[in-house]
Amino acid sequence: MTNENDRLAPNSPGLLNASGLNAQQHAAVNHMVGPLLVFAGAGSGKTRVITYRIAHLINSGVAPWNILAVTFTNKAANEMRERIVELVGEAAAGVNVGTFHGQALRILRRDIHRLGRESDFTIYDGDDQLRLVKQAMTDVGIGLTTINPLAVRNEISRAKDELATPYEYAERSEGYFQETAAQIYHRYQRLLTNANGVDFGDMVAFCVRLFREVSEVRVYHQDRFRFILVDEYQDTNRAQYMFVRELAAAHGNLCVVGDDDQSIYSWRGADVRNILDFEAQFPSSTVVRLERNYRSTGNILSSANAIIGKVSSRAEKVLWTDREDGEPVVIMEAFDEEDEARHIANVVREFDGNDSTKKDLAIIYRTNAQSRPFEELFVRQGIPYQLVGATEFYRRREVRDVLAYLRAVANPRDLVSFERIVSVPRRGIGSKTLRTLREWGERNGHASGELVRLMAVEESGIAGLESPFNTRATTALAELGRMLRRLDELADELPVGPLVNAIVQESGYDEVLDGDPDRSEDRWENVVELQAAASKYDDLGPRESLMRYLSEAALVADVDNLTVDEDAITLLTAHSAKGLEFDVVCMVGMEEEMFPHVRSYDDPAQMDEERRLAYVALTRAKEQLFVTYTRHRSGWGAPVRFPSRFLQDIPAELQHYRSRIDSGAGRLRSGISGSDVEPDSPQPPSERTYQDGQRVRHAVFGEGLIVAGQITKFDEEVTVMFEDVGLKKLAVSFANLEVVT
């Protein structure tokens with residue numbers, strides 16, 4: 001392999017001196033060879049640095065096709081690609097920019113046959129995986145109510161993120177859940193292989209396996225990708241870490257950009273240690289810190305820094321800005337979630353009075369379920385909004401149905417897609433027949449989709465195989481096989497766009513759509529949109545266009561569908577907000593047990609992640625930040641709520657307290673009712689009313705003993721061990737506790 005590093009200039013003043021970069025950005029852009037770690041704080045110009053660095057590499061003589069840039073969403077990849085085009089023009093077309101799964105897919109389509117697999121595999125998404133997990137559970141005799149299939153699916157995904165095979169996972173499993181999951185994982189992987197399918201966890205893991213086991217493949221891709229850049233490195237899991245490490249092993253030109261303070265995806269396998277340990281893993285690395293924030297006002301940034309500063313283990317850095325302090329952070333107390341929605345509606349009305357548009361305002365919450373009161377109120381008041389995390393286009397029933405037909409044609413061994421299309425429309429083929437068909441196929445080395453195609457040709461029986469079906473079932477299966485054979489022929493003749501139309505007609509699915517009187521028009525519109533998306537690949541050959549479209553559709557992420565061009569308020573979770581920015585952010589539900597989430601209470605690492613998540617949410621705001629909490633929330637833990645501990649981290653001088661008391665909502669802390677009031681700040685009691693060890697009585701919970709208490713910024717809080725209901729934390733101003741003498 002030729003060594004690109006030998007002919008490049010060492011790390012020295014570069015070619016982009018007049019680009020408007022600050023000193024730290026300039027250092028990151030113009031670093032040439034060797035490992036580079038860039039800590040990029042929120043709003044510090046991370047994407048600008050990555051794109052300018054790629055442009056600098058090209059201007060320095062690196063061939064565009066020798067550059068690999070990896071990120072986590074198609075949206076981020078597309079934005080990166082567009083900016084590179086602006087900088088270097090047509091040369092940008094040769095740069096490999098994409099997501100981890102997108103890059104892995106290209107490698108696997110070319111080389112997966114080296115692992116004994118077929119290149120026309122189907123990509124199984126989360127819903128497909130769940131169906132296959134349920135099938136695996138049934139096959140190994142584990143009832144669907146015995147253990148949560150969704151939890152098993154997630155456990156299998158985590159195992160693959162850690163590069164653990166079914167055998168390796170079984171060896172280290174402990175306890176009932178993991179030991180049961182190990183049985184299911186083994187059967188699940190067998191079903192997936194038999195179906196010529198790979199799931200998202202397989203894609204990167206199979207690439208790592210290829211690099212390790214097939215030297216020719218490893219050397220080819222190392223020589224091809226001589227300069228590697230990884231965006232959002234704090235979000236990588238072990239498999240992704242090994243993927244880039246294997247690729248960079250020959251030349252060492254690995255640049256990773258990220259921020260440990262924004263590592264918020266441990267629940268899906270991300271390991272913040274990948275970025276924190278980079279210097280130890282690559283001893284010759286250069287470290288650059290981007291600490292200047294260009295997004296937020298001083299007060300917003302200082303508030304976020306106060307929260308993140310209490311994380312137990314983080315890289316040393318302090319985000320700063322030379323922007324003005326701006327407005328203080330507005331803290332608003334509400335009686336309950338309905339009153340909270342009214343608070344925010346008031347903010348919207350204030351917002352409408354300036355020159356901004358509604359797309360510049362976002363409501364951010366901890367969990368998706370919190371959107372409900374805002375949606376209901378906005379509908380009643382005619383306030384336009386867009387909801388991120390609603391049913392995404394590619395998860396809508398009719399879209400998944402038509403995609404299942406396309407996949408069943410592209411891959412006759414795809415079990416999940418085959419069993420989905422059997423019942424849309426209904427064909428008189430029940431679950432017992434499907435189970436018999438699947439078992440018959442496994443005994444004889446055929447997939448269900450392959451068998452029905454054979455039965456279509458030889459309805460009286462398949463040569464050499466004894467049919468287990470009666471006449472009625474045989475006829476129904478053979479008719480299904482004939483339909484699939486017609487679709488196979490059309491797939492050889494038509495590109496994927498026209499093929500969608502043909503499938504809807506030939507399969508009888510048009511009757512399914514017409515048979516839904518309430519939603520027929522909407523469902524047809526979704527199918528038309530699917531056909532339009534598929535038609536973008538019609539300039540390719542029939543089979544190639546089908547495979548390309550299915551691959552791209554499988555890789556679409558939820559946030560990729562977010563559009564901010566319409567004049568509508570955006571409602572989204574803190575996780576979904578990462579990477580976005582808005583003039584005004586309303587951070588709602590900032591209460592104990594909600595944010596931080598109650599699940600984090602017993603795990604310091606999870607509490608740290610809750611802090612990082614709050615930091616991400618707050619730093620989405622550019623000009624103004626509103627934060628709300630409620631004193632009551634239906635269906636969420638204790639009936640009386642407490643302000644989040646994160647609010648107490650924000651210095652008092654950065655806050656402005658606003659209480660809008662709805663006269664019909666009930667009594668709030670101050671006891672005031674009526675219109676908006678804006679006291680300078682909440683005034684907690686000067687000393688505790690109740691003492692540890694006192695016995696008290698609550699109207700609902702009965703008698704108990706006070707075990708702890710404290711004066712907070714907003715109230716006096718006591719923790720009581722009740723005889724009947726156990727431990728409860730209560731706000732004194734609401735609890736009306738009676739001292740028992």
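The values are calculated or read from the model by the stated rules, or taken from the named source; none is laboratory data. Keep in mind the model is a prediction, meaning the values are calculated, not measured. Neighbour counts are summed over all protein chains in view; Cβ atoms, including those assigned to glycine, are modelled from backbone coordinates with ideal geometry. Just the protein is used for accessible areas: all its heavy atoms, side chains included, with ligands, DNA and RNA removed. Shrake-Rupley method; radii C 1.70, N 1.55, O 1.52, S 1.80 Å.
Tabulated data
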| quantity | calculated |
| --- | --- |
| Candidate residues S312, S44: accessible-area rank, largest first, probe 1.4 Å | S312, S44 |
| Out-of-range pairs (alpha-carbon distance over 28 Å; input K160/K359; K160/K317; K358/K578) | K160/K359; K160/K317 |
| Computed magnitude of the charge dipole of the range 231-323 (debye, nearest 20; Cβ of K, R +1, Cβ of D, E -1) | 200 |
| Beta bridges per DSSP with both ends in the chain, % antiparallel, nearest 5 | 30 |
| Charge-dipole axis of the chain as Lys and Arg at +1 and Asp and Glu at -1 on Cβ define it, positive-most pick from G94, M455, A476 | M455 |
| Backbone HN-Hα couplings from phi across the range 132-138 [Karplus 6.51/-1.76/1.60, Hz, Gly and Pro as x] | 6, 4, 4, 5, 4, 4, 4 |
| Global form of the range 179-273, assessed from the alpha-carbon gyration tensor, a/c cut-off 1.5 | oblate |
| Solvent-accessible area, 1.4 Å probe, carbon plus sulfur percent, for the chain | 47 |
| The chain, dipole about Cα centre (Lys/Arg Cβ +1, Asp/Glu Cβ -1), debye to the nearest 20 | 1460 |
| Taking the C-alpha atoms of the range 227-358, convex hull volume expressed per residue in Å³ | 178 |
| E174 accessible area, assembled protein chains, probe 1.4 Å, Å² | 140 |
| Amide N proximity, the range 590-619 versus R273 label position 7 Å along Cα-to-Cβ, cut-off under 18 Å | 603-609 |
| Mean separation of Cα contacts under 8 Å, 6 or more apart, over the residue count of the chain: relative contact order % | 14 |
| At 0.890 mPa s and 25 °C, Stokes D of the chain from Kirkwood alpha-carbon radius, µm² per second | 85 |
| Farthest positive-ward along the range 35-173 dipole, Cα basis, beta-carbon charges - from P64, L144, I112 | P64 |
| Positive-pole candidate from H446, L490, A270, dipole of the chain, charges at beta carbon | H446 |
| Estimated [θ] at 222 nm from DSSP helical runs (n ≥ 4, -39500 (n - 2.57)) normalised by residues in the chain, nearest 500 | -13500 deg cm²/dmol |
| Binned Cα-Cα distances of the range 110-197, short to long, each 5 Å bin given as a whole percent | 3, 15, 25, 24, 19, 9, 4, 1, 0 |
| Net charge dipole size for the range 388-500 [Lys, Arg +1 and Asp, Glu -1 on Cβ; Debye, nearest 20] | 500 |
| Residue-normalised accessible area of the chain, expressed per residue, 1.4 Å probe, Å² | 42 |
| Placed amide H near G709: partners under 5 Å, 5+ positions off or other chain | T719 |
| Simple label model, 7 Å out from Cα along Cβ direction - S634 to E376, nm | 0.5 |
